[in-house]
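*Asks:* Here it is, the structure, as structure tokens.
The values are calculated or read from the model by the stated rules, or taken from the named source; none is laboratory data. Small disclaimer: the values here were computed from a predicted structure and weren't measured. Note: ideal-geometry Cβ built from the backbone for every residue, glycine included; neighbour counts use all protein chains shown. All accessible areas refer to the heavy atoms of the entire protein, side chains included, with ligands and DNA or RNA removed. Shrake-Rupley method; radii C 1.70, N 1.55, O 1.52, S 1.80 Å.
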Amino acid sequence: MAAQEIVYRNILENMRDGVMTIGADGMIITFNNAAEAILNLKGADVVERTFGEVFLVMEENDEFNQAVLNAVYESAMVHNARVPYKAAGKTLTLNITTSFLRSPESGKDEKGAVIVVFQDVTEVEHLRELDARLTEELKAQHKELQDAYVNLEGANTNLKAALKKVHMIRIIATAFVIVLFVILGLVSW
């Protein structure tokens, strides 16, 4: 069983997602390396302290706290949320999944622990917003190009009409000059 525990601990510590487990008594049981990095908290300062001691005092992170508390109050459901989290002077966007773990020993629906899995999706959100903004800019530029093309087509149509008029005037002028020379030739003959 000790080897299996080491494997589980290694898996937990090498995950990219933050993982925090909170016991039925509110005590934080696990807090992996990714959780430390994302939430800017040391595992040693968090583990074996209550969730309230560590997180509820951070009023700026009420949405994060509420997402975790929802798992406690509505234990029959898995909860997913996207919430802001303020740490180290930055506001992160976290994707949180919380669920209630049942106690395997009793086989009953006794409350075991809450597991909180979260990812920092701040960069993804930033890129999504940037993509939306660039898409809007492209749409605006596309509209400008369409309008310019329509204007160019209108100008092209006007130019064709003007060229037809010039061509007709040339034909008439040429015919007039020919008729004039013919008349002058006949008069002088």
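*Asks:* Rule-of-thumb check for the chain: C-alpha Rg over 2.2 N^0.38 Å?
*Replies:* That works out to 2.36 for the chain.
*Asks:* Using only the Cα atoms of the range 78-175, what semi-axes does the equivalent ellipsoid have when each is the square root of 5 times a gyration tensor eigenvalue? Give whole Å, largest first.
*Replies:* Gyration-tensor ellipsoid for the range 78-175: 72, 15, 6 Å.
*Asks:* Show the residues, 5+ positions off or on another chain, whose built amide H is closer than 5 Å to the amide H of L101.
*Replies:* Answer set, sorted by chain and number: G112, A113, V114, I115.
*Asks:* Could you give the dipole magnitude of the chain about its Cα centre, charging the beta-carbon of Lys and Arg +1 and that of Asp and Glu -1, in debye to the nearest 20?
*Replies:* My answer is approximately 1720 debye.
*Asks:* Follow-up question, since we're still on this one. Ignoring ligands, DNA and RNA, what accessible area per residue does the chain give at 1.4 Å, in Å²?
*Replies:* Ligands and nucleic acids excluded, the result is 71 Å² per residue.
*Asks:* When the Debye formula is applied to the Cα atoms of the range 1-102, each taken as the same point scatterer, what base-10 log of I(q)/I(0) results at q = 0.11, 0.14, 0.18, 0.21 Å⁻¹?
*Replies:* Calculated log10 I(q)/I(0) at the listed q: -0.33, -0.54, -0.92, -1.25.
*Asks:* Moving on to the next point. Assign unit charges at the C-beta atoms only (+1 for Lys and Arg, -1 for Asp and Glu), then state the dipole size of the range 121-189 relative to its Cα centre in Debye, rounded to the nearest 20.
*Replies:* Roughly 940 debye for the range 121-189.
*Asks:* With unit charges on the beta carbon (Lys/Arg positive, Asp/Glu negative), name the residue among M15, Q141, Y85 whose Cα is farthest towards the positive pole of the charge dipole of the chain.
*Replies:* Value computed over the given set: Q141.
*Asks:* Round to the nearest 0.05 the FRET efficiency obtained for L138 and L56 when R0 = 35 Å and r is the Cβ-Cβ distance.
*Replies:* Working from the Cβ atoms, E equals 0.20.
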